[in-house]
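Below: one structure, written as structure tokens.
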Amino acid sequence: MRLVVLDDDESIAQFMANVASGRGWDAHAVTHEDEFQALVRAAPPEAIVLDLQLGASDGIEQLRFLHSLGYRGAIVLMSGFDGRVLAAAEAIGNSLGLTIVAVIEKPARAARVRDVLAAIEQIPAATVSPAASAPRAPRSVSPNDIAAAIDGGRMELHLQPIVSAAGHAVTRAEALIRWRDPEMGLVSPEQFILVAEQDAGVIDRLTMWVAETGVAQYLRLAALGSAVQVCINISGHNLRSLDFPERMAAVLARMSAPPGAIGLEVTESTAMHDLDTTAAVLTSLRLKGFPIALDDFGTGHSSLTALRRLPFSAIKIDKSFVGELETSNDSLMIVRSVIRLAHDMGLASVAEGVGTAGAVRRLTELGIDGLQGFYFSGPLPFEGFATWLRQWRSRV
Ligand code: C2E
Ligand code: MG
Ligand code: MG
């Protein structure tokens, strides 16, 4: 395997190359950007070690160069800066689509370098390979296609359990829409909700379909003896129709579902437009008995304003923070503070994107109320969810 090390300090570049040679790598130490770029361009190596502080340029510029080259090998970043700078550089590399496999804080010790190299030797994907063919982009869809899919019965509402931290009981589930198209397969909401929102009539129909289907699912589960509150996602447009609360209450009344059958989730970005109308609609909904969670908390620009101005009953902490709980001390501190904030304001806290037993333990220690994520179950079609729930309840 070939390795190229770029560090403007020759002794460090040579040291890294020597450690790699000792493991049988074909290692090259270079101290100049030009030499580095020429080497990599001529024959892309399996791995690159890149110092972030170079003489004439910096490591970020070299990351951009590697990106422009379409480099697919393993990249190790190295710096004497504090961990926050390294983490930011790592994130930039990742967002450029590069494979940053490790960051090494200087002074680097031989043992650490050997560990990193050993890890690279284990990853077949880290070898230089032609760019993987991009997944086929879905055919572009229009609001009319979505309306037709609703009318044609091609939408499905899947359920994902929300587990209480105390006792691991399941009392709620999030309803997540999917579009089953004969040509495109199962289309994720991320690919069509924004399109539906371009047409007020279509997003309104979509939300009302989700509400009715959610109530029907609630009633079927209740008939099986396992009622759980079904939490649906609502759109910004819904929050700006003053008759929305009444129409929601009418769905429950018409289907004879009790208040509390349905919970609502709103993202901050949708809630923050036209704050006066939104506040009126959300307050009405609360008064009619609907709990409302502020979804994806922390990803927008005005999370705290939303909390101060709007009558939420719960905060859902975004999965980007939860997913990093065990690897990023910053994310851990943010999650800890948000849970405290929720409790100080009298709101429930729910963590999204819970993926590991370690995250469950951590979040429980921090006082979280609800847990949601692949660790328990992904979103499932109704029958699968009912089965999962029966098995879960026989175990807990
Ligand atoms: P969301 O409301 O934040 O929903 C959570 C998303 O996280 C879901 O993606 C879910 O499948 C995913 N997820 C659950 N557990 C994990 C985990 O452990 N790790 C990771 N990485 N992801 C996890 P999904 O179903 O693709 O939905 C994406 C977004 O689309 C939703 O985000 C919601 O904003 C929107 N959406 C879904 N259904 C509807 C709907 O009926 N109406 C509206 N307006 N929006 C919807
Ligand atoms: Mg949600
Ligand atoms: Mg969310």
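The values are calculated or read from the model by the stated rules, or taken from the named source; none is laboratory data. Only a predicted model underlies this, so the values are computations on that prediction, with no experimental measurement involved. No Cβ is skipped: glycine too gets one built from the backbone with ideal geometry, and neighbour counts run over all protein chains shown. Accessible surface areas use protein heavy atoms only, side chains included; no ligands, DNA or RNA. Shrake-Rupley method; radii C 1.70, N 1.55, O 1.52, S 1.80 Å.
Run the paramagnetic zone check for residue 276: 7 angstrom along Cα to Cβ, then residues of the stretch 301-322 with backbone nitrogen under 17 Å. Flagged as within label range: 309-310.
For labels at residue 222 and residue 396 in the simple 7 Å Cα→Cβ model, what's the distance in nm? The two pseudo-label positions are separated by 2.0 nm. A simple spin-label model places pseudo-atoms 7 Å from Cα toward Cβ; at residue 151 and residue 9 they are separated by 6.9 nm. You can think of it this way: the chain between residue 123 and residue 95 has 8.1 nm of extra reach, that is 0.36 nm per residue less the Cα-Cα gap. The slack in the chain from residue 330 to residue 140, taken as 0.36 nm per residue of separation less the alpha-carbon distance, amounts to 64.5 nm. For the stretch 1-118, rounded, prolate or oblate, judged on the Cα gyration tensor with a ≥ b ≥ c (square roots of eigenvalues), a/c < 1.5 rounded, else prolate if a/b > b/c? Rounded. With the simple spin-label model, which puts each label point 7 Å out from Cα in the Cβ direction, the residue 313 to residue 109 separation comes to 5.3 nm. Normalised per residue, the accessible area of the stretch 256-396 is 46 Å², obtained with a 1.4 Å probe and no contribution from ligands, DNA or RNA. Bridgeable aspartates and glutamates around residue 316 (alpha carbons under 14 Å apart, same-chain partners fewer than 8 residues away excluded): 174, 265, 268, 295, 296, 352, 369. Which lysines have a Cα lying under 16 Å from the Cα of residue 106, excluding residues fewer than 8 positions away in the same chain? Partners within reach: none. Among 179-185, 72-78, sorting by the average number of other beta carbon atoms lying within 10 angstrom of each residue, highest first, gives 72-78, 179-185. Dipole magnitude for the chain: computed about the Cα centre from +1 point charges on Lys and Arg Cβ and -1 point charges on Asp and Glu Cβ, it is near 1580 debye.
With the convex hull constructed from alpha-carbon coordinates only, the chain shows a mean projected area of 22.6 nm² over all directions.
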